[in-house]
Number of protein chains: 2
Amino acid sequence: MPKQVDHEGRRRQIAEAVCLLADERGLEGVTLRDVAERAQVSMGAVQRCFRTKDEMLNFTLGHVGERVTERVRARLLSSPAQSAGSALGYAATEVALLRAEHRTEARVWLAFVAQAAVSETLAATLRANYAALQGLFADLIAEASGRRSVDGVQPPDAQRAARALLALTDGLTAHVLIGHLTPSEAHGVLHAHLDALWKQPGGAEDRA
Amino acid sequence: MPKQVDHEGRRRQIAEAVCLLADERGLEGVTLRDVAERAQVSMGAVQRCFRTKDEMLNFTLGHVGERVTERVRARLLSSPAQSAGSALGYAATEVALLRAEHRTEARVWLAFVAQAAVSETLAATLRANYAALQGLFADLIAEASGRRSVDGVQPPDAQRAARALLALTDGLTAHVLIGHLTPSEAHGVLHAHLDALWKQPGGAEDRA
DNA sequence: ACGGTTCCGATGCAAGCGCATCGGAAAAAG
DNA sequence: CTTTTTCCGATGCGCTTGCATCGGAACCGT
């Protein structure tokens, strides 16, 4: 057997470089040459790991998505004793990427969301991540409001509340990045929304 | 006086072309040559109207923002007899750009939001638009919940509710574009949120 | 040690980009 | 009709991009 290389590891290493560059100059400013330089490899290596640039970006998106979802899960596991309500608060705060140290991830995420609007491949990867997060939210909401989910099926208003929460966190993230909101304003909005959730769990049902 | 040309009109014409292209291929796919072709003018004309490409994009963003805000205002004026509550519903629905015929605007908007995260010039233009919409929302919310705004100053929870509503609409728009939500799901989420707004107007205050 | 694989760094290439340039068309004023 | 000023279409330039190519270095089983 000839030379062997940890391909998956290198892929992640390259994905990190893509993130750094996308954070600084946006997704448009990501070129193969710059990525290679940032990842401390040659362009040839990058081309070997990813057949095309799109493949590289798609992998990077998946990588970031995994990281965020993983962090949310870790946050939940590290504080299992509390109520489902406060757990949901923590999870939502993580997803909103409000903390300064996650600003990079937030910018990368936003860049990919915009790109996904015109790239079906990216959109598919993105949808998978959103579905996972929404399911997680829905579980927590159903549990916190007493009606336990059965076989992974939540009452429809829990699904809807989860959709709302996910959209809200995404919107808040974007508004913070643009500078329309400060992180603490966004934090306030998010938690006010969550508080409101418990005070009227089941009323007001109409429309699809 | 020599030849005279409606510069502002041509600028708008070019901005429309930018929108069409951004809708199809994303903001990255917008080149001066393509814009010129789509706008039925020569590249020279485009260069005369906008000194640089960034200037062109910035103008286009302002143009789209104006159009959306204008449509929301028109929607409000066309149905002034109803309650502030239902007016807010209409306004929010417009902002969320859920209708299929506004999908183009939505994609353009999202593309600019992502770009603004790395371009202070675009971010400034965008902030102005968000501020206008948020103020509009806050007015309606304050009016609907009885506490009239005085001298354009709303109670803090109206401001916060407006921020939440704006972030929610933006998030929903993005999720619809990506295909994570259907338009009717987004519609349902939005109106459930609005309904919840009236049922508990002032409680749950903490954090900044 | 050595042959066979796998890897990769350097280089080349065609295409496309934003922008600068400029000669001449177009139009009001005399 | 001539002049003067504004406008713009065509063209060229320098640069960057993603990708293809390939000779040789690196490595492992034998």
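Scanning the range A:24-42 for residues that are surrounded by fewer than 20 Cβ atoms within 10 Å (Cβ to Cβ) and either within 22 Å of the chain's Cα centre (by Cα) or closer than 24 Å to residue A:128 by Cα (or both) gives A:24, A:25, A:28, A:29.
I want to confirm something. Restricting to the range A:109-121 and keeping residues that are more than 22 Å from residue A:172 (Cβ to Cβ) and more than 8 Å from chain B (Cβ to nearest Cβ), which single residue is least open to solvent (accessible area, probe 1.4 Å)?
The selected residue is A:121.
Please indicate, with yes or no, whether at least one residue in the range B:43-50 is within 19 Å of the chain's Cα centre (by Cα) and either within 15 Å of DNA strand C (Cβ to nearest atom) or more than 14 Å from chain A (Cβ to nearest Cβ) (or both). No, the conditions are met nowhere in the range B:43-50. Scanning the range A:178-195 for residues that are open to solvent by 20 Å² or more (accessible area, probe 1.4 Å) and of a type in the set (Gly, Ala, Ser) gives A:179, A:184, A:192. Check the range A:132-152 and report whether any residue there is under 17 Å from the mean Cα position of the chain (by Cα) and either on the phi > 0 side of the Ramachandran plot or facing chain B (nearest Cβ under 9 Å) (or both). Yes: the range A:132-152 contains one or more residues that are under 17 Å from the mean Cα position of the chain (by Cα) and either on the phi > 0 side of the Ramachandran plot or facing chain B (nearest Cβ under 9 Å) (or both). Scanning the range B:55-90 for residues that are out of contact with any His (no Cβ under 9 Å at 6 or more places or on another chain), under 21 Å from residue B:112 (Cβ atoms) and among the hydrophobic types (A, V, I, L, M, F, W, C) returns B:56, B:57, B:59, B:61, B:64, B:72. Of the residues that sit in the range B:56-87 and are among the hydrophobic types (A, V, I, L, M, F, W, C) and under 15 Å from the mean Cα position of the chain (by Cα), which one is surrounded by the most Cβ atoms within 10 Å (Cβ to Cβ)? The extreme case among them is B:61. Close contacts from the range A:1-24, counting a first residue that is over 15 Å from residue A:47 (Cα atoms) and a second that is within 11 Å of DNA strand D (Cβ to nearest atom), with Cβ to Cβ under 6 Å and a gap of 6+ residues or different chains, come to A:21/A:30; A:21/A:34; A:22/A:30.
Looking at this structure, is residue A:10 basic (Lys, Arg), more than 26 Å from residue A:173 (Cα to Cα), within 16 Å of DNA strand C (Cβ to nearest atom) and loosely packed, with under 14 Cβ neighbours inside 10 Å? Steps first, please.
Working: basic (Lys, Arg): yes; more than 26 Å from residue A:173 (Cα to Cα): yes; within 16 Å of DNA strand C (Cβ to nearest atom): yes; loosely packed, with under 14 Cβ neighbours inside 10 Å: no.
Against the criterion (basic (Lys, Arg), more than 26 Å from residue A:173 (Cα to Cα), within 16 Å of DNA strand C (Cβ to nearest atom) and loosely packed, with under 14 Cβ neighbours inside 10 Å), residue A:10 does not qualify.
For every residue, the table says whether it meets (1) in contact with a Cys (Cβ under 7 Å, 6 or more places away or on another chain); (2) under 30 Å from residue B:104 (Cβ atoms); (3) more than 16 Å from DNA strand D (Cβ to nearest atom).
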position	(1), (2), (3)
A:5	no, no, no
A:14	yes, no, no
A:18	no, yes, no
A:28	no, yes, no
A:34	no, no, no
A:43	no, no, no
A:48	no, no, no
A:94	no, no, yes
A:97	no, yes, yes
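Do we have residue A:18 as open to solvent by less than 20 Å² (accessible area, probe 1.4 Å) and closer than 25 Å to residue A:132 by Cα here?
Values: open to solvent by less than 20 Å² (accessible area, probe 1.4 Å): yes; closer than 25 Å to residue A:132 by Cα: yes.
The answer is yes for residue A:18.
With respect to the stated conditions, residue B:63 fails to be within 13 Å of DNA strand D (Cβ to nearest atom) and touching a residue at least 40 places away in the same chain (Cβ under 8 Å).
Across the range A:61-104, what is the total count of residues that are under 17 Å from residue A:174 (Cβ atoms) and touching a helix residue (DSSP H, G or I) at 6+ places or on another chain (Cβ under 6 Å)? Show your work before the answer.
Of all residues in the range A:61-104, those under 17 Å from residue A:174 (Cβ atoms) come to A:61, A:64-65, A:68, A:92-100, A:102-104.
Within this subset, residues satisfying the condition of being touching a helix residue (DSSP H, G or I) at 6+ places or on another chain (Cβ under 6 Å) are A:61, A:64-65, A:92, A:94-98, A:104.
Number satisfying all stated conditions: 10.
Across the range B:177-187, a minimum of one residue is classified as within 18 Å of the chain's Cα centre (by Cα) and more than 8 Å from chain A (Cβ to nearest Cβ).
Looking only at the range B:43-55, which residues are open to solvent by 40 Å² or more (accessible area, probe 1.4 Å) and closer than 30 Å to residue B:135 by Cβ? Please lay out each step first, then the result.
Quick first cut of the range B:43-55, residues open to solvent by 40 Å² or more (accessible area, probe 1.4 Å) only: B:43-44, B:47-48, B:51-55.
Scanning the range B:43-55 gives B:54, B:55.
So which of A:36, A:15 ends up being more than 27 Å from residue B:113 (Cβ to Cβ) and at pLDDT 95 or above? A:36 is the lone residue from the list that is more than 27 Å from residue B:113 (Cβ to Cβ) and at pLDDT 95 or above. Considering (1) within 14 Å of chain A (Cβ to nearest Cβ); (2) within 13 Å of DNA strand C (Cβ to nearest atom); (3) aliphatic (A, V, I, L, M), the lone condition that residue B:20 does not fulfil carries the number (2).
The values are calculated or read from the model by the stated rules, or taken from the named source; none is laboratory data. If you're wondering where the values come from, they're calculated on a predicted model, not measured in any experiment. Neighbour counts run over all protein chains shown; Cβ positions are idealised from the backbone, glycine included. Please note that ligands, DNA and RNA were not included when accessible areas were found on the heavy atoms of the full protein model with its side chains. Shrake-Rupley method; radii C 1.70, N 1.55, O 1.52, S 1.80 Å.
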